[in-house]
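Q: Below you'll find the structure I mean.
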Amino acid sequence: MDLKSDPNVNGRFDTRYPADFEVWITDMQNLGHSACGSMQDISSSGVSVLTPLQLGPGDIVRLDVGDSALFGYVTNSRAVLGSAHADWRCGIEIQRVLMGDSSLSNLLELALREQMPSLQLQH
């Protein structure tokens, strides 16, 4: 998979590659606090997600992408100004991944293996 870096994302420690995965994000400390969002990009340090949930650094989250589940914690969060509704852009460091068997999961696995080669992916 040959991902191209997004030239509009500056000031990052790691190169970010655009991603377009719909995610269901759940705050693991408050399971009733969950919503649909979108994965915006992937880097070697984690993923960026746009969500209506107000999450803060240190919050433990689960991201469901199709039949796969990614677990991690929020490293940063900021309000997205000018959005039609309240949105938050959250950086999430991924700690564990449970891979599904769908075509979407295969695509996600390729992206994760390319950007986070040391991350353990479980099937």
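The values are calculated or read from the model by the stated rules, or taken from the named source; none is laboratory data. Note that the structure is predicted; figures quoted are calculated from it, not measured. In this analysis, Cβ positions are derived from the backbone assuming ideal geometry, glycine residues included, and neighbour counts consider all displayed protein chains.
Q: Check every one of the strands (runs of 3 or more DSSP E) wholly within the stretch 27-73 and list those with 2 or more residues that are β-branched (V, I, T).
A: Of the strands (runs of 3 or more DSSP E) lying wholly inside the stretch 27-73, those with at least 2 residues that are β-branched (V, I, T) span 46-51, 60-65.
Q: Residues in the stretch 91-114: is at least one assigned to a helix (DSSP H, G or I), under 14 Å from M39 (Cβ atoms) and polar (S, T, N, Q)?
A: Checked the stretch 91-114: at least one residue is assigned to a helix (DSSP H, G or I), under 14 Å from M39 (Cβ atoms) and polar (S, T, N, Q).
Q: Residues of the stretch 91-108 being buried (at least 16 other Cβ atoms within 10 Å of the Cβ), within 13 Å of the chain's Cα centre (by Cα) and free of Cβ contacts under 8 Å to residues at least 60 places away in the same chain, which ones?
A: Within the stretch 91-108, G91, I92, I94, V97 qualify.
Q: Of the numbered conditions (1) modelled with pLDDT under 95; (2) over 20 Å from E109 (Cβ atoms); (3) out of contact with any Phe, Trp or Tyr (no Cβ under 6 Å at 6 or more places or on another chain); (4) not hydroxyl-bearing (S, T, Y), G56 satisfies every one except a single condition; which is it?
A: Result: G56 fails condition (1) only.
Q: Follow-up. Consider the stretch 74-90. How many of its residues are part of a loop (DSSP other than H, G, I, E, B) and either among the small types (G, A, S) or under 25 Å from L121 (Cβ atoms) (or both)?
A: Counting residues in the stretch 74-90 that are part of a loop (DSSP other than H, G, I, E, B) and either among the small types (G, A, S) or under 25 Å from L121 (Cβ atoms) (or both) gives 4.
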